[in-house]
Amino acid sequence: MLYYMETKNMNPYEIVNSARRWVGSSWKMVPVDSIAWCGDRERGGLWYPPHDGHGARIELGREEGIDLVYHEAFHSVWHDCPLAKFDPWWGEGFCNAFSETMRNCYFDYHVPEVRPLTQHERNYLHPCYLLCHKALFDPSHLRYFFLRMNAEAQQLERPVLSEFFQWSPDPSWTFNTENPS
Ligand SMILES: [Zn+2]
């Protein structure tokens, strides 16, 4: 299966469709009703959950390119999944990993050896790095891992990603084999 698409002149809703195709028809993805570039903010993206019968809304800073839609669209895949309930800290990293593997374009991140991770590295860059390596930089492998971990989280009702990687974006997380919580 080939997921990579040229993003130049791309319709942003087609990126949402690519996330839907990636996850497959068996998965309930939150619909995205609107994608807008906003004049009052330069950078960053926001994903607003559905409300009052409307689907999700994506807002991008006016300087942002269309590539950020991959990250924001994945929030719609993530929102209702078992991992979001049991491993909530992994959402941003998964959004980044989806975006980078789909675009085949990777942030130049190296695990720092002489200092602790910043919170931005913990939330976004480091989990993305772990997920991309686990998936061998292949979006179909990432999908397989996503579905498998969701099935495990649903069955075991505990944070399976943090156990799998022996690490969590949550700085207070500790691994406890006797009493996983
Ligand atoms: Zn995000």
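The values are calculated or read from the model by the stated rules, or taken from the named source; none is laboratory data. A quick note: this is a predicted structure, and the numbers were derived from the prediction, not measured. Methodologically, a virtual Cβ is constructed for each residue, glycine included, from the backbone with ideal geometry; neighbour enumeration extends over all protein chains shown.
Of note:
- A Cβ distance below 7 Å, combined with a sequence gap of six or more or placement on separate chains, defines the contacts here; from segment 109-131, residues that are at positive phi and among the small types (Gly, Ala, Ser) reach no residue that is outside any helix (DSSP H, G or I) and surrounded by 10 or more Cβ atoms within 10 Å (Cβ to Cβ).
- Odd one out for ARG41 among (1) within 16 Å of the ligand (Cβ to nearest atom); (2) in contact (Cβ under 8 Å) with a residue 40 or more places away in the chain; (3) over 24 Å from ASN104 (Cα atoms): (2)
- The set of residues in segment 47-68 that are closer than 13 Å to ASP33 by Cα and either within 14 Å of the ligand (Cβ to nearest atom) or more than 18 Å from the chain's Cα centre (by Cα) (or both) comprises TRP47, TYR48, PRO49, HIS51, ASP52, GLY53, HIS54, GLY55, ALA56, ARG57, ILE58, GLU59.
- Residue satisfying all of: in segment 1-26; in a loop (DSSP other than H, G, I, E, B) and crowded, with 16+ Cβ neighbours inside 10 Å; modelled with the highest pLDDT among these: THR7
- Segment 47-76 residues that are over 23 Å from PRO88 (Cβ atoms), paired with ones that are of a type in the set (A, V, I, L, M) and away from the ligand (no atom under 12 Å from the Cβ) (beta carbon under 6 Å, 6 or more apart): ILE66/MET10
- So CYS105, is it hydrophobic (A, V, I, L, M, F, W, C) and out of contact with any helix residue (DSSP H, G or I) (no Cβ under 6 Å at 6 or more places or on another chain): yes
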